[in-house]
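The values are calculated or read from the model by the stated rules, or taken from the named source; none is laboratory data. Note that this is a predicted model, so its numbers are computed, not measured. Glycine gets a Cβ as well: all are built from the backbone with ideal geometry, and neighbour counts include every protein chain shown.
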């Protein structure tokens, strides 16, 4: 699964970017991607399904879904109805949380929350921001700034979830050891987060900040390295190599290997046919 890093641009002094549903979007899917901004979806009356990491959310009518920064997600096709999407800018979030946004602020996904004064106000703000975005006058920009700040205040006051304290060196080592010891088994971010008693979003963010890639890519990289010894042994087929390393299928292994070494495993094997042990020493040791 390829997950695109999407860079969201925000005009200066506009903390929230609104993307209302338009008729031409009907039937269009949005592929896997992640970004550093906070994404908030309000489904007015559409048939709307989001996939966030290993979880699937069918957003009910008049329902909300919040996608935290760094969480990989995609959208199934919208077949009917109306929804609006609000992207809160990373710089705005960082500034208004005193530079602590990435370390301390994770938010409830909101889906399934009871209708109360706070969720009603969030809906009102999103609809108001959508209306203001239709005519970007100086006054409307000022109103949008005020509403965006109020929205963030509501989220921070009522919908933050406990984020584990920053993983120290020992915990980071334990995490890596756990993943490596279970590398041949099916591994999901949700399951590993539950094992360490971290929130899903916190562990996703930790992988991006410390490892530099998503959890899925990190696991795939470890599996590619694990498979190197067998790849250099011609008694094993490429399919055997892939499955022994924990990949779900050969195709997933080919994608991961291509991303890491910029050529196919069979080509890599041929290039190092004469000295396979040298390849192992060069790329693994």
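Does residue 280 satisfy being modelled with pLDDT of 85 or more and surrounded by 15 or more Cβ atoms within 10 Å (Cβ to Cβ)?
no
Tell me which residues, restricted to the stretch 99-121, are assigned to a loop (DSSP other than H, G, I, E, B) and modelled with pLDDT of 85 or more.
108, 109, 110, 111, 112, 113, 114, 115, 116
Here are some residues: 56, 49, 79, 94. Which one is surrounded by fewer than 21 Cβ atoms within 10 Å (Cβ to Cβ) and touching a helix residue (DSSP H, G or I) at 6+ places or on another chain (Cβ under 6 Å)?
After applying the criteria, what remains is 94.
Sort through 258, 217 and tell me the only one that's surrounded by fewer than 17 Cβ atoms within 10 Å (Cβ to Cβ) and either under 23 Å from the mean Cα position of the chain (by Cα) or at pLDDT below 90 (or both).
Selected residue: 258, the only one of 258, 217 that is surrounded by fewer than 17 Cβ atoms within 10 Å (Cβ to Cβ) and either under 23 Å from the mean Cα position of the chain (by Cα) or at pLDDT below 90 (or both).
Collect the residues in the stretch 187-240 that are in contact (Cβ under 8 Å) with a residue 24 or more places away in the chain and not in a helix (DSSP H, G or I), keeping them in residue-number order.
Correct list: 187, 188, 197, 198, 199, 214, 227, 232, 233, 234.
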